[in-house]
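J.: Before I ask anything, let me first share the structure, which is written out below as structure tokens.
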Amino acid sequence: MIGSDEGVESRQDVGVQNQAPQGETRQNMSTIDDTPRTYSGALLAVLAVALLCAVGGLIWTYTLSGRIAHGEAALTEANQQNARLAAQLRETDARLKVTAEELGKSLGLTQKQMDARAQQIMAHEAAANQRLENAQKITAQQVSAVSSDLSNVKTDVGGVKTDLGKTQTDLATAVSQLQSMKGDLDGHSTLIARNHDELEVLKHKGDRDYYEFTLDKNSRKPVGTVSLELKKTDSKKSKFTMIVYADDNKYEKKDKNLNEPLQFYSGKDRALYEIVINTINGKNQVAGYLSTPKGAPAPPSGH
């Protein structure tokens with residue numbers, strides 16, 4: 001009976017010990033679950049590096065392919081040269097035999113002398129054959145090297161394709177995180193960039209062209225194919241007033257908010273242009289970007 005009581009007490013102690021870590025684990029998991037998730041600002045930097053690596057890989061592949069093509073051309077030329085050497089060797093052999101026979105007849109050479117001459121001709125032919133074999137060995141080594149390089153190129157191209165696919169996936173993820181805002185013209189919704197990094201994502205998306213600018217108060221400045229003039233700022237309320245000059249027209253954008261798309265039509269085909277102001281620097285300066293459709297007139301060089 002005493003042994004049985006001790007066994008019960010031991011099992012109870014083990015149960016207590018097992019319950020304590022589980023409570024701690026639940027508390028730790030709760031702490032982890034309550035931790036707010038944040039997005040790393042390094043995502044866009046990683047995306048830019050991946051794009052640069054992919055473009056660098058494509059340029060390297062193109063350069064190596066040119067080198068391989070040059071090697072193949074040299075190999076073809078070497079084979080043709082070997083064929084010409086073999087033909088010349090056979091022709092020379094035939095001429096030597098005829099010359100030896102005629103010379104023997106005209107000079108009355110003995111059989112021993114003719115045999116010696118034949119041995120010389122055979123030695124010459126053997127040396128020529130040896131040179132031909134050496135050339136063929138060198139050619140075979142070059143072919144093997146070219147084949148190896150070509151295999152490496154195929155492997156590298158596969159790696160570049162994989163990296164490019166990952167880059168496209170990262171770009172799609174970054175674009176999905178951008179904010180969509182309604183413009184001031186007719187409620188047309190559009191993706192906007194709230195800072196330089198997000199603007200780089202929009203540029204890589206490739207749907208439109210973007211021009212960054214900094215605008216001082218009461219100073220008219222050309223941006224793209226239009227001109228902008230800052231009239232008033234209110235940094236406390238994050239509002240500003242500006243005038244847009246486009247196609248001999250003047251548009252006043254009064255008391256507008258930060259990151260609000262300011263929309264207007266410009267160009268011969270009346271394409272939709274957008275201006276987004278991201279920051280107000282004190283009382284006299286704002287910074288943002290102009291967004292124009294693909295195919296819209298480009299600004300003169302130097303702007």
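Every number here is computed from the coordinates shown, using simple stated rules; none is lab data. All of these numbers come straight from a predicted model, not from anything done at the bench. Heads up, the Cβs are rebuilt from the backbone with ideal geometry, glycines too, and the neighbour counts pull from every protein chain shown.
J.: So what J values fall out for the stretch 54-66 if you push phi through Karplus, 6.51 cos²θ - 1.76 cosθ + 1.60 with θ = phi - 60°, rounded to Hz, Gly and Pro as x?
T.: 5, 5, x, x, 5, 5, 4, 4, 5, 5, 5, 5, x
J.: Taking the Cα centre of the stretch 182-293 as origin, work out the dipole magnitude from +1 charges on Lys and Arg Cβ and -1 charges on Asp and Glu Cβ, in debye rounded to 20.
T.: On the way: 20 positive and 18 negative charges, 100 e Å.
Using only the charged Cβ atoms, the result is roughly 480 debye.
J.: Also, quick follow-up: Which value does Rg/Rh take for the stretch 182-293 over its C-alpha atoms, Rh per Kirkwood?
T.: Working: Rg = 13.0 Å, Rh = 14.0 Å.
Radius of gyration over Kirkwood radius for the stretch 182-293 works out to 0.93.
J.: Follow-up question, since we're still on this one. To the nearest 0.05, how large is the calculated FRET efficiency for residue 219 and residue 63 if R₀ is 30 Å and r is the Cβ-Cβ distance?
T.: That pair, residue 219 with residue 63, gives E of 0.05.
J.: What are the ³J(HN,Hα) values, in whole Hz, obtained from phi via the Karplus relation 6.51 cos²θ - 1.76 cosθ + 1.60 with θ = phi - 60°, for each residue of the stretch 284-296 in sequence order, with x given for Gly and Pro?
T.: For the stretch 284-296, the Karplus-derived couplings read 10, 7, 10, 9, x, 8, 10, 10, 10, x, 4, x, 5 Hz, x marking Gly and Pro.
J.: In addition: Using a 7 Å offset from the Cα along the Cα-to-Cβ direction at both residue 85 and residue 270, what is the distance between the two label points in nm, to one decimal?
T.: Here the answer is 7.7 nm between the modelled labels.
J.: Distance check, please: which entries in 203/253; 236/268; 205/283; 203/232; 97/137; 203/254 exceed 32 angstrom between their Cα atoms?
T.: Pairs exceeding 32 Å: 236/268; 205/283.
J.: Extension gain residue 237-residue 46, at 0.36 nm per residue separation less the Cα-Cα distance, in nm?
T.: Working: separation 191, 0.36 × 191 = 68.76 nm, distance 3.47 nm.
Taking residue 237 through residue 46 to full extension adds about 65.3 nm, to one decimal.
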